[in-house]
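Reading through the structure tokens given below for one structure.
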Amino acid sequence: MSEKVLAAVTPSPARRWLAIGMMVVLGGLLVYIALAAPPQGLFFRVFMLAVGVGALLLAERLRRSTMVSIELTEAGLRDTDGRELCRFDNIAAVERGAFAFKPSNGFLVRLKSPMGRVWQPGLWWRYGRRIGVGGVTPASQAKFMADLIAMKLKGVDSILNELQDGRD
């Protein structure tokens, strides 16, 4: 964890709490409706209660997962808890276009070899050869990180060194 951080993507507090709040309101309303004014059938009552509790659990998971940031180092992508998203030598490409299958305000990293499935709601996910970074993050930070990865993949290290010197 002593490597120099080239770029960081930190969840926006306003977006983070808005997303958590929406999930809590949704879960709370579904649980309330299931208990106070239940639908006619037992199946629908249980279904509504299960979806409401699931939304509340997802809100808690979202709260926990967005307490960290994502960092780009010379070695690769990691979060501030030390969990490695991917090594840089495993990155094949980065996509941030309008039609890329990516999270909101984020980008997609294509890997050379598949890695395990992980999902951190609101921040990042990894499925096979793809990593999606974004969600409740500012678009400007994600764009900067994606551009740095793309430049590094193209071998534009001299520009990276100039950017690093300018930030110090």
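The values are calculated or read from the model by the stated rules, or taken from the named source; none is laboratory data. Everything numeric here is computed off the predicted structure, so don't read it as measured data. In this analysis, Cβ positions are derived from the backbone assuming ideal geometry, glycine residues included, and neighbour counts consider all displayed protein chains.
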Item to check | Pairs where the first residue, in segment 71-82, is within 16 Å of ILE131 (Cα to Cα) and not assigned by TED's automatic domain parsing to the domain that holds TRP124 and the second is buried (at least 16 other Cβ atoms within 10 Å of the Cβ) and of a type in the set (Ser, Thr, Tyr), C-beta under 9 Å, 6+ apart | outcome: ASP79/SER69
Checklist outcome for this item: How many residues of segment 126-153 are surrounded by fewer than 21 Cβ atoms within 10 Å (Cβ to Cβ), in a strand (DSSP E or B) and either touching a residue at least 12 places away in the same chain (Cβ under 8 Å) or aliphatic (A, V, I, L, M) (or both)? The answer is 3
Checklist outcome for this item: Within segment 1-25, the residues that are surrounded by fewer than 17 Cβ atoms within 10 Å (Cβ to Cβ) and among the hydrophobic types (A, V, I, L, M, F, W, C) are MET1, VAL5, ALA8, ALA14, TRP17, LEU18, MET22, VAL25
Item to check | Unique residue being in contact with a strand residue (DSSP E or B) (Cβ under 6 Å, 6 or more places away or on another chain) and not hydroxyl-bearing (Ser, Thr, Tyr) when the list is LEU30, LEU58, LEU85 | outcome: LEU85
Checklist outcome for this item: Within segment 27-40, the count of residues that are part of a helix (DSSP H, G or I), surrounded by fewer than 17 Cβ atoms within 10 Å (Cβ to Cβ) and in contact with a helix residue (DSSP H, G or I) (Cβ under 9 Å, 6 or more places away or on another chain) comes to 5
Checklist entry - Exactly one of (1) at pLDDT below 85; (2) on the phi > 0 side of the Ramachandran plot; (3) not aliphatic (A, V, I, L, M) is unmet by GLY76. Its number? => result (1)
Next on the checklist: Pairs needed: first member in segment 14-35, within 23 Å of THR137 (Cβ to Cβ); second member anywhere, of a type outside the set (Phe, Trp, Tyr) and outside any helix (DSSP H, G or I); C-beta distance under 7 Å; at least 6 residues apart or different chains.
Outcome noted: ARG15/VAL136; ARG16/THR66; ARG16/GLY122; ARG16/VAL136; ALA19/GLY122; ALA19/VAL136
Checklist outcome for this item: Note on segment 104-124: residues under 12 Å from the mean Cα position of the chain (by Cα) and surrounded by fewer than 19 Cβ atoms within 10 Å (Cβ to Cβ) are SER104, VAL118, TRP119
Checklist entry - Restricting attention to segment 56-66, does a residue exist that is more than 26 Å from GLY116 (Cβ to Cβ) and either at pLDDT 90 or above or in contact with a Gly (Cβ under 6 Å, 6 or more places away or on another chain) (or both)? => result yes
Checklist entry - If you check ARG45, ARG87, ARG61, which single one turns out to be among the basic types (Lys, Arg) and either buried (at least 19 other Cβ atoms within 10 Å of the Cβ) or in contact (Cβ under 8 Å) with a residue 60 or more places away in the chain (or both)? => result ARG61
